[in-house]
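**Q** Handing you this structure, nothing more for now.
The values are calculated or read from the model by the stated rules, or taken from the named source; none is laboratory data. Since this is a predicted model, take the numbers as computed values, not measurements. We place every Cβ from the backbone using ideal geometry, glycine too, and count neighbours over all the protein chains shown. Protein only, heavy atoms only, side chains kept; ligands, DNA and RNA dropped before computing areas. Shrake-Rupley method; radii C 1.70, N 1.55, O 1.52, S 1.80 Å.
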Amino acid sequence: MGGSATTTDRLKLTGASIGLAALVAGCFWLIAHSFIAQANRQQLNDLLQAAVIRLERQIDLAVMSLGELGAQGPYGCSPAVSRAIEDIAFRSVSIREIRVSSPSATCWADNDHEQIFQAAMGASDPVPSINHAYELAPIEAGEWKGLMVQWTTEDGSLTAFLATEGLLFDILPGELRDHALMEMVLSDQRVVSSYAPEGAAGLVGDFSEFGKASERYPISVRLMIDQAAVASWNRSFGSNIIAIAGLVSLGLGYLGARGLTRPLTPLRQLDDALSRGYIHPVYQPLFCLSTGRMTGFELLARWTKPDGSSISPAVFIPLAEESGRIDRLTFALLDRAGAEIGDMLRRNETLKLSFNVTPDQLLGSGFVESLSSRIGKAGFNPKQLVIEITERQPISDFEAALRVSRELAKLGIRLAIDDAGTGHNGLSSLHALQAHYLKIDKYFVDGVALDRKSAVLVEALISLASQFGMEVVAEGIETEEQRIKLLDLGIQEGQGYLYAKPLPASDLIARVEQGAKQMPKAA
Ligand code: C2E
Ligand code: CA
Ligand code: CA
């Protein structure tokens, strides 16, 4: 009797184990598949993001080239203007045509195109960008299809016609390319260009739609893709992802079993980090590109958790901004910097300390007063301070920005336009901020020694800076080739991993004391 009871129990137990195992396997399978589908969606989104960046880079080129032409004013058909227009149209592959127009004259780079482009422009109905002075429209002029970028000023208008076909064709991986349709669409849904290979006829079945909009221009990239093609791409992702998903679900199960309490919300974590001092400064040195002498450093925020892991500023700075904690964060960093490197800065009067301030923060009420009292407390000489204002976010009120800029100048604090060339503000920010430095974004420095287009963009920025009497600084210099190329282009100062990564205060002080001898020598 006893024996048979044990057998039944064993059978029950085995049955339960098999059931449990099947349940767990089923859960794994489901989790793994949703994980893969999610990973695929993420990958498609990343590809679209790459397409958007590529498109933005073309528009940036047009905007800067027009800025360069505009700065030469007055608009007309003088030989100098004609030469400048031809030069810009000639050195850029994507700018097919340029038009400069004032009440007294209208000039084109290539007069052969003039009539059909003029007619197409008349019907173009352009859409304004965040900065309303810049407008975009799809253009069809005879055989030619592309994007019109128009900048309207008090003196007239400057227009560039960009070839956009070809921008999308190599974005998708080969196995998806024949089952997809990609389109570049304006915010009013007009299609600027599209990429639809012959095989995309298969799109009549079930398809999924993805889209990514530019945050800087009223344009987006849209992808329609055959669901069957994405599903088989899912499978080709392979067993390692399933294994990872299995491990992840096991891990989650384990954590769940341990009955972990609900994690703090990101905002609670941020408050906790601010009050416990987990957010702290690091300093990335700036150097003279020809002598290798250190010229200053940029203060960058770091969030290091007690377990040594860190959270990127790309995550917590936007969180601090949106939740109204950015002033607290900036001032806490300045206080810490004052304690850590204040003495060293006072001993080295030629070194400058740059720190980042967002445009909204700059325009926030009482910012200059609070800042001035904080830097007094931290013991900084305002003449050694530079505030970096990013171009990535729009300046909501240019007149207010000019007032703040003047107040800061009275204190002796200088301004830098950060991430130059990537923003919405264009020339207006140069006028409004009356900044001392123009800091060219890593995005352009990356390509400067590789492709002509990046070099042209950097040249355009340098020429703009010189017209406004600004000094140019390059950021994100990683190679010796980039350093040499930037020097050739006339840039004297920069920062980047070639020289130094952001350093803790003790390492920075050691390097200052060594006299920064470790630098690459002048070319
Ligand atoms: P940013 O102001 O453009 O700072 C430069 C970023 O590029 C820093 O990233 C720096 O570590 C990185 N970097 C510098 N040289 C190189 C290089 O040669 N190669 C590569 N790959 N990267 C390089 P980080 O520290 O992650 O900061 C990212 C952004 O977060 C900053 O960009 C800035 O916009 C923002 N940020 C950081 N600290 C603060 C802050 O205290 N206040 C505000 N408002 N923004 C901050
Ligand atoms: Ca910066
Ligand atoms: Ca940057």
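**Q** Of everything in the stretch 267-315, what is within 16 Å of ligand 2 (Cβ to nearest atom), assigned to a strand (DSSP E or B) and among the aliphatic types (A, V, I, L, M)? Give them in sequence order.
**A** 282, 286, 299, 300, 301, listed by residue number.
**Q** Test of understanding: among 493, 481, 407, which residue is of a type in the set (D, E, K, R) and in contact with a strand residue (DSSP E or B) (Cβ under 6 Å, 6 or more places away or on another chain)?
**A** Being of a type in the set (D, E, K, R) and in contact with a strand residue (DSSP E or B) (Cβ under 6 Å, 6 or more places away or on another chain) holds for just one of 493, 481, 407, which is 493.
**Q** Taking only the stretch 172-214 into account, find how many residues are modelled with pLDDT under 75 and touching a helix residue (DSSP H, G or I) at 6+ places or on another chain (Cβ under 9 Å).
**A** 7
Matching residues to (1) of a type in the set (Asp, Glu); (2) open to solvent by 20 Å² or more (accessible area, probe 1.4 Å); (3) assigned to a loop (DSSP other than H, G, I, E, B); (4) not assigned by TED's automatic domain parsing to the domain that holds residue 455:
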| residue | (1), (2), (3), (4) |
| --- | --- |
| 61 | no, no, no, yes |
| 67 | no, no, no, yes |
| 76 | no, no, yes, yes |
| 82 | no, yes, no, yes |
| 87 | yes, yes, no, yes |
| 97 | yes, no, no, yes |
| 125 | yes, yes, yes, yes |
| 140 | yes, yes, no, yes |
| 148 | no, no, no, yes |
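**Q** Just one of 369, 340 is assigned by TED's automatic domain parsing to the domain that holds residue 402 and in contact (Cβ under 8 Å) with a residue 60 or more places away in the chain; which is it?
**A** Unique residue meeting the criteria: 340.
**Q** Taking the options 455, 449, 523, name whichever one is modelled with pLDDT under 90 and outside the structural domain of residue 285 (by TED's automatic domain parsing).
**A** From the options 455, 449, 523, the qualifying one is 523.
**Q** So which residues in the stretch 282-301 are more than 16 Å from residue 392 (Cβ to Cβ), touching a Pro at 6+ places or on another chain (Cβ under 7 Å) and not small (Gly, Ala, Ser)?
**A** Scanning the stretch 282-301 gives 282, 283, 284, 294, 297, 299.
**Q** Cβ-Cβ distance below 9 Å, separation of 6 or more or different chains: which pairs start in the stretch 433-450 with a residue that is over 13 Å from residue 392 (Cβ atoms) and within 16 Å of ligand 2 (Cβ to nearest atom) and end on one that is among the hydroxyl-bearing types (Ser, Thr, Tyr) and at pLDDT 90 or above?
**A** If the second residue must be among the hydroxyl-bearing types (Ser, Thr, Tyr) and at pLDDT 90 or above, the pairs left are 433/405; 435/405; 437/354.
**Q** Take the stretch 285-314 and flag every residue that is open to solvent by 20 Å² or more (accessible area, probe 1.4 Å) and either under 14 Å from residue 333 (Cα atoms) or within 16 Å of ligand 3 (Cβ to nearest atom) (or both).
**A** Correct list: 300, 302, 304, 312, 313, 314.
**Q** Filter the stretch 189-198 down to the residues that are part of a loop (DSSP other than H, G, I, E, B) and open to solvent by less than 70 Å² (accessible area, probe 1.4 Å) and list them by number.
**A** Result: 190, 196, 197.
**Q** Let me ask something else. Mind checking which pairs have a first residue in the stretch 486-507 that is in the same structural domain as residue 286 (by TED's automatic domain parsing) and a second that is surrounded by fewer than 19 Cβ atoms within 10 Å (Cβ to Cβ) and among the hydroxyl-bearing types (Ser, Thr, Tyr), Cβ under 8 Å, 6 or more apart or different chains?
**A** Filtered contacts from the stretch 486-507: 487/290; 492/290; 498/479.
**Q** Also: Take the residues of the stretch 393-421 that are touching a residue at least 60 places away in the same chain (Cβ under 8 Å) and within 12 Å of ligand 2 (Cβ to nearest atom): which is surrounded by the most Cβ atoms within 10 Å (Cβ to Cβ)?
**A** Ranking the qualifying residues of the stretch 393-421, first place goes to 418.
**Q** Search the stretch 429-456 for residues being closer than 30 Å to residue 403 by Cα and more than 14 Å from ligand 3 (Cβ to nearest atom), and hand back the single one that is surrounded by the fewest Cβ atoms within 10 Å (Cβ to Cβ).
**A** The selected residue is 431.
**Q** Does residue 476 satisfy being at pLDDT 95 or above, in contact with a Gly (Cβ under 8 Å, 6 or more places away or on another chain), within 14 Å of residue 287 (Cβ to Cβ) and within 16 Å of ligand 2 (Cβ to nearest atom)?
**A** Answer is yes for this residue.
**Q** Can you tell me which residue in the stretch 472-496 is most open to solvent (accessible area, probe 1.4 Å), limited to those that are in a loop (DSSP other than H, G, I, E, B) and not acidic (Asp, Glu)?
**A** 492
**Q** Please specify each residue of the stretch 479-504 satisfying the condition of being of a type outside the set (Val, Ile, Thr) and either in contact with a Gly (Cβ under 6 Å, 6 or more places away or on another chain) or more than 30 Å from residue 338 (Cα to Cα) (or both).
**A** Across the stretch 479-504, the qualifying residues are 480, 481, 482, 483, 485, 486, 487, 488, 489, 490, 496.
**Q** When both residues are 6+ apart or on different chains and their Cβ atoms are under 7 Å apart, which pairs have a first residue that lies in the stretch 292-308 and is over 20 Å from residue 347 (Cβ atoms), and a second that is within 14 Å of ligand 1 (Cβ to nearest atom) and among the small types (Gly, Ala, Ser)?
**A** 302/310; 303/273; 303/310; 304/310
**Q** Quick test of your reading of the structure: residue 44 fulfils all but one of (1) crowded, with 19+ Cβ neighbours inside 10 Å; (2) at pLDDT below 60. Name the failing condition by number.
**A** For residue 44, the failing item is (2).
**Q** Taking only pairs six or more apart or across chains, which ones have beta-carbon atoms under 6 Å, a first residue in the stretch 452-469 that is free of Cβ contacts under 8 Å to residues at least 12 places away in the same chain, and a second residue that is assigned to a helix (DSSP H, G or I)?
**A** Between residues of the stretch 452-469 that are free of Cβ contacts under 8 Å to residues at least 12 places away in the same chain and residues that are assigned to a helix (DSSP H, G or I), the close pairs are 454/444; 454/447; 454/448.
For (1) of a type in the set (A, V, I, L, M, F, W, C); (2) more than 27 Å from residue 462 (Cα to Cα), each residue gets a yes or a no:
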residue: 64; (1), (2): yes, no
residue: 71; (1), (2): yes, no
residue: 81; (1), (2): yes, no
residue: 97; (1), (2): no, no
residue: 100; (1), (2): yes, no
residue: 127; (1), (2): yes, yes
residue: 150; (1), (2): no, no
residue: 171; (1), (2): yes, yes
residue: 175; (1), (2): no, yes
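**Q** I've got another one for you. Sort through 159, 164, 153 and tell me the only one that's of a type in the set (Ser, Thr, Tyr), open to solvent by 20 Å² or more (accessible area, probe 1.4 Å) and assigned by TED's automatic domain parsing to the domain that holds residue 216.
**A** Going through 159, 164, 153 in turn, the sole match is 153.
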